[in-house]
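Undergrad: Sharing a structure here in structure tokens format.
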Amino acid sequence: MGYSGEAYFFVWAKKNLEESSGYIFGVIKDNNIISSITSTLVAAVLLSIFLYVSQLNLQQLIDVNRQYFYYGAIAVVLILASLIYFRQYVITMPLETASKIFGIHMARLLFVYSIEIIQWMVVMPEVPLYIWFTYMGVKIISTRIPFLPSRDLLFIGASLEISKFLDVSGAGIAGILLASNVLTKLMNVGLYSFLAFRGRLIKKNASQNDDES
């Protein structure tokens, strides 16, 4: 269901906008790419803050030879360089428009993630802020993996593993994340149901007005 919104918007745009299928698909594709770049950048910054502030060695969290981190950093640099060099083939919209969308996504992410971190801090105020940054960075990365089912559960499992090394209550983390996940799903179902009912009501009233006229 992860990309059902994009698919629905594509179908809606084809029916209601005087634009070609290629143009509509390009806009949706560009928006998703920019959103992924923005969230990955935010995750990298949050994890960098954690590594800079904390005294925990990254290899305590991931038992991998140091050289693989260097390989990973080189791969990221090459990917970014390729995206910049081949930007006109990857992102078709003008740079000014792409920059505006990037700013919108950045503002949205910072607002939403700040509210979520504040919620976590209210429940467990004894946990340092940089540790919450770490969990948020892990959440962003885990939820951006495409075509992976149960990404929320993957994030919860990864967070419980990380809590062992950060001296944080695993039960508290599990309770916060499970409650947040359930509340998010309930809110999505409630909002979808409300909008679906409202849409049917609008169509019904419009149909009655047409019959009267």
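The values are calculated or read from the model by the stated rules, or taken from the named source; none is laboratory data. The model shown is predicted, which means the values in this text are computed figures rather than measured ones. For neighbour counting, all protein chains shown are included, and Cβ atoms are generated from backbone atoms with ideal geometry for every residue, glycine included. Ligands, DNA and RNA are excluded from the accessible area calculation, which covers all protein heavy atoms including side chains. Shrake-Rupley method; radii C 1.70, N 1.55, O 1.52, S 1.80 Å.
Undergrad: For the stretch 142-193, what is the accessible area per residue in Å² when the probe is 1.4 Å?
TA: 64
Undergrad: Let me ask something additional. Lys/Arg Cβ at +1, Asp/Glu Cβ at -1, dipole of the stretch 132-193 taken about the Cα centre: which of A179, S142, S169 is farthest positive-ward?
TA: S142
Undergrad: OK, next. Going Cα to Cα from K14, which lysines come in below 21 Å? Please leave out same-chain ones fewer than 8 positions away.
TA: Cα-Cα hits under 21 Å: K29, K203.
Undergrad: OK, next. Roughly how much of D167 is accessible, in Å² to the nearest 10, using a 1.4 Å probe?
TA: Probe radius 1.4 Å; accessible area of D167 about 150 Å².
Undergrad: Here is a further query. Based on the Cβ-Cβ distance from V123 to Y3, what FRET efficiency comes out when R0 is 30 Å, to the nearest 0.05?
TA: Taking R0 as 30 Å, the efficiency between V123 and Y3 is 0.40.
Undergrad: Counting pairs of Cα atoms in the stretch 106-213, how many percent are more than 16 Å apart? Present the calculation step by step, with values, prior to reporting the outcome.
TA: Details: 3905 of 5778 pairs.
So the pairs more than 16 Å apart make up 68 percent of the total in the stretch 106-213.
Undergrad: Quick one: if you stick a label point 7 Å off each Cα along the C-beta vector at N181 and I79, how many nm between them?
TA: Placing both labels 7 Å along Cα→Cβ, they lie 2.4 nm apart.
Undergrad: Per q in 0.17, 0.23, 0.26, 0.31 1/Å, what log10 I(q)/I(0) does a Debye calculation on the alpha-carbon atoms of the stretch 99-156 return?
TA: -0.67, -1.00, -1.09, -1.17
Undergrad: Right, something else. With a cap of 12 neighbouring Cβ atoms within 10 Å, and only residues DSSP puts in a loop, list the GluC sites (Glu not before Pro) found in the stretch 105-213.
TA: Hits after loop and neighbour filter: E126.
Undergrad: Then there's this: Which of the chymotrypsin sites (Phe, Trp or Tyr not before Pro) found in the stretch 119-213 are loop residues per DSSP with 13 or fewer other Cβ atoms within 10 Å of their Cβ?
TA: Details: sites: W120, Y130, W132, F133, Y135, F147, F155, F165, Y192, F194, F197; in loops: F147.
Passing both the DSSP loop test and the Cβ count: F147.
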